[in-house]
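Here's the structure, in structure tokens; my notes come after.
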Amino acid sequence: MNQVSSFSATVSALPLYAQVVFNLPLSVEFTYLVADPFLVARLEVGKRVLASFRKRLTSGYLLGWSSVCPPLREEVTLLPLEAVIDEKPLFGRFHLDFYRRAAEYYQTPLGEALFALLPGGLQYRSRRVVGLGDKGLSAVLPRSPVLAAMIMVLREHGPLPVEELADRLALPPDRFMARLSAWSRQGWLCCRQELLPPRVREQFELIYEIVDRSALLNALAVSRMASEKTRQLQAFIEAGGYFSRRRFLAAFAGSAALLRRWQEQGWLQATPVPRLRSLAINDSAPPRSPPGQVVLTPAQAAILEAIRREREHNVFAPFLLHGVTGSGKTEIYIKLIAEVLSRGQDALYLVPEIALTIELVDRLVHEFGPLVAILHSGLTEGERYDQWRQIMAGRARIVVGARSAVFAPLARLGLIVVDEEHEPSYKQESGFAYNGRDLALLRGQMAGCCVVLGSATPALGTYYNARAGRYRLLSLPQRLDDKPLPAVEIVDLNQERAALFTWDGFSPRLLERMAAVFARGRQVMLFLNKRGFSRTLYCLGCGYMPECRLCSVHQTFHKSLNLLVCHYCGGQQPPPEVCPRCGGNRFFPLGLGIQKLEESLRRYFPKQRVLRLDRDATRRKGELGRILEEFRQGQAAVLLGTQMLAKGHNFPLVDLVGVIFADLSLELPEYTAPERTFQLLAQVSGRAGRGRDESSGEVIIQTLQPEHYSVVAAAAHDYSAFYERELRDRRELAFPPFSSLANLKASGPEQDRVRAFLQEAKSMGQEMLSAAGERGIFLMGPVPSAIVKIQNRYRWNLLVKGQKRPQLHHFLRHWRSRLSSAPTLTWRLDIDPLSFF
């Protein structure tokens, strides 16, 4: 594309042809005519623009422009670009290259991807406003009772948006929306589109410069104000040459007239400047004392030097830092960031959870001050927009955040850290379904910088790539100060199988150890590794659970269908009336709630304060930081939580970690269930014994499957044993890393139509593969999602497995372009899926 670089160069090249994308499910860049020299002077990649699309004025993103008109269909007439919204772009050309590559890989239209990755609330919106036409203004009323009522409302209130009109009529909009156009043509009504500004805009505040200090002080000296206020004003004016209107009025409430008078006299000069919305840097948690000067151990120093040597070459260098919990990985990351900044480069630090962002930001702000920016979904739209502008302007050079921070518009990227790289929360599960860890590697490759993936329990695919030489493997096998890892005890719940129907979550052994810890004045963490629903049937007679013969995963029981379903190959069977192993007929659906655990805790230990850490308990802003800090300060004896507990927290007073029911994650209907179980157990175990005292901590794992290899390996802190066993199973079943996956997800109010759509898609795909002679791609299903119905919509999946990723993506692009849809049916293609819920 021939990019115009200056205004003078554009005048002779008019008109120009701008490429624009919108937030639409269309993989098309639209061309608009730019003939206005004023607009040409404001063109810049990454700015929002206004343009007419389908007879509506809407906002889109400017991708570039050319002096040459692209090929057009004969009947197409180019529309003019209406306006350039932004003074400064939201992203640059090199950011756009990365965003485009990401959208192409995940097979998402670029406009939809940009809308998802940029700060929210920036879109211009349009709404339909209904007024009266010539016939509606006459005294005659129509025969239609709905139209007649509408005209009476509009005569009383004037033109109204459709939503407000529907409220006043006490009718749902769909009762009359389809007829508005006809009534407009007949002259009863007049409809127009009204453009609404974005919810989020740049905020400004007035900064006053003191132009004539002596004149201002003289005026104060002879004023009739109270002497105390006069002295305060004189001290304020003498304190500096500039001040903000906000600060002045905070000190002297009700004194806006003074500022206006002084400005009229020429003593002050006002300038509007951008203002950042307030951002609680630590999510309302009380401040903690900063750590002292950290001296690296010889093992840490050796790893730092290994990464430093590669960084000197300014080329893409991926590392896997495999360090046990408490081995000091964070200290290495901070040293690396400091060195990158000293070279004039920027750093990106990804964490899987907002909870980890809170702790980390406190530490980084202490080290690097205002150079730190935060990006995560816990910020308001305005806060996120302000942080984005700080990054884009180069004022923030370290970005800390969850998966979406991978898109931060850093200009001189020198280092990317992906902490806890194994976490599935790096995968976005809806909309633009990207994986933040994988995109961090892509971005590092495009920027030519080091990418450090860190974990105590690396994802199996990551470790496989490191063993294959694609990443450099670095290890920290010991905790700091050579403290031993906590002792792990497995409690076999089969010994109490008869009481499972009334079980409250606590074995006698766990209660005994909790009482001992409380007697020492120490803390307990209790972990319920629960995600979504687990509906695997369990025989109380012998422990049998129905398993798919082809996929080695337990089948999910769908009560509404009365079927056991494998969510990979589509195998189905009715639930057994009797157990095929022991002949019994008592089946237990695995499931346990965190609120029930909290109630039991208060009954067993009424004097101990319990804090709960889960999504429900942290909905209010600031609650997450408050809970974490109160527990860290020893203000509660128990922290009870879900997967948020397993992610990198450091609580020095925790001596005991209890895993309530390891089987909940083990029996998820996903091929990664054993891996996820091992990671959760190993990670949460690592929260015990992290203090500076002699206690190494202890862990109790309660399970119905004490001999399962993921449980045994986690209890022994033996990642290698787990890796070798799980890799063997994956190879035999051709699951990643020995294949690539995609999942076509469809949903709709009618289950038969959803299933029929996926069946037609499967048939079409198989015909395409047969015609191309492709033998390494397989379509499996369709099958219902693990949770088949949400919000009255049925959800089904069609799994696509390919032996080679390039061939699979080539097929998916062509297959996707031929998939149709229906008004009530939606579908999307999930690349590299991790979840089938």
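Set side by side, the residues VAL699, VAL754, VAL684 differ, and just one is aliphatic (A, V, I, L, M) and outside the structural domain of GLY505 (by the TED database), which is VAL754. Taking the criterion of being open to solvent by less than 10 Å² (accessible area, probe 1.4 Å), at pLDDT 85 or above and outside any helix (DSSP H, G or I), the only residue of region 612-636 that qualifies is ALA636. For region 45-68, a tally of residues being part of a loop (DSSP other than H, G, I, E, B), under 31 Å from the mean Cα position of the chain (by Cα) and under 22 Å from LEU195 (Cβ atoms) returns 2. Residue count for region 84-97 satisfying the condition of being open to solvent by less than 30 Å² (accessible area, probe 1.4 Å) and of a type outside the set (Val, Ile, Thr): 7. Taking ARG168, is it part of a helix (DSSP H, G or I), open to solvent by 10 Å² or more (accessible area, probe 1.4 Å) and closer than 20 Å to LYS55 by Cα? Taking the combined requirement at face value, the residue does not satisfy it. Assess whether LEU180 counts as being under 30 Å from VAL146 (Cα atoms) and of a type in the set (A, V, I, L, M, F, W, C). Considered against the rule, which asks whether it is under 30 Å from VAL146 (Cα atoms) and of a type in the set (A, V, I, L, M, F, W, C), LEU180 comes out as yes.
Looking only at region 401-424, which residues are of a type in the set (A, V, I, L, M) and either assigned to a strand (DSSP E or B) or open to solvent by 20 Å² or more (accessible area, probe 1.4 Å) (or both)? Hits for region 401-424 are ALA411, LEU413, LEU415, ILE416, VAL417, VAL418. Could we say that GLY111 is open to solvent by 10 Å² or more (accessible area, probe 1.4 Å), within 26 Å of the chain's Cα centre (by Cα), closer than 30 Å to GLU164 by Cβ and not aliphatic (A, V, I, L, M) here? Here the answer is no, as GLY111 does not meet what is asked. When only residues in region 315-344 that are closer than 16 Å to LEU476 by Cα and assigned to a strand (DSSP E or B) count, which is most open to solvent (accessible area, probe 1.4 Å)? Looking at residues that are closer than 16 Å to LEU476 by Cα and assigned to a strand (DSSP E or B), I get HIS322. When we screen ALA459, ALA411, ALA396, ALA373 for residues that are of a type in the set (A, V, I, L, M) and under 17 Å from the mean Cα position of the chain (by Cα), the only hit is ALA373.
Only residues that are open to solvent by less than 30 Å² (accessible area, probe 1.4 Å), at pLDDT 90 or above and in a loop (DSSP other than H, G, I, E, B) were counted in region 354-400, giving 1. Here ARG175 passes the criteria (1) closer than 30 Å to TRP262 by Cβ; (2) loosely packed, with under 13 Cβ neighbours inside 10 Å except the one numbered (1).
Each residue in region 303-337 was checked for being aliphatic (A, V, I, L, M) and within 20 Å of LEU375 (Cα to Cα), and 2 pass. Checked against the criterion of being open to solvent by 70 Å² or more (accessible area, probe 1.4 Å) and without any contact (Cβ under 8 Å) to a residue 12 or more places away in the chain, the candidates ALA771, ALA756 yield just one match: ALA771. With respect to the conditions (1) in contact with a Lys or Arg (Cβ under 8 Å, 6 or more places away or on another chain); (2) open to solvent by 50 Å² or more (accessible area, probe 1.4 Å), CYS191 lacks only one, and its number is (2). Within the option set ILE237, ILE210, being in contact (Cβ under 8 Å) with a residue 12 or more places away in the chain, open to solvent by less than 40 Å² (accessible area, probe 1.4 Å), more than 30 Å from SER144 (Cβ to Cβ) and in contact with a Gly (Cβ under 6 Å, 6 or more places away or on another chain) holds for one residue only, ILE210.
Filtering region 232-276 to residues that are in contact with a Leu (Cβ under 9 Å, 6 or more places away or on another chain), among the charged types (D, E, K, R) and within 27 Å of ARG384 (Cα to Cα) leaves ARG245, ARG246. For region 818-836, does any single residue satisfy the condition of being under 29 Å from the mean Cα position of the chain (by Cα), crowded, with 21+ Cβ neighbours inside 10 Å and among the charged types (D, E, K, R)? Within region 818-836, one or more residues are under 29 Å from the mean Cα position of the chain (by Cα), crowded, with 21+ Cβ neighbours inside 10 Å and among the charged types (D, E, K, R).
The values are calculated or read from the model by the stated rules, or taken from the named source; none is laboratory data. Computed from a predicted structure; not experimentally measured. Here the Cβ is made from the backbone with ideal geometry for all residues, glycine too, and neighbour counts use every protein chain on show. Areas reflect the complete protein model, heavy atoms only, side chains present, ligands, DNA and RNA absent. Shrake-Rupley method; radii C 1.70, N 1.55, O 1.52, S 1.80 Å.
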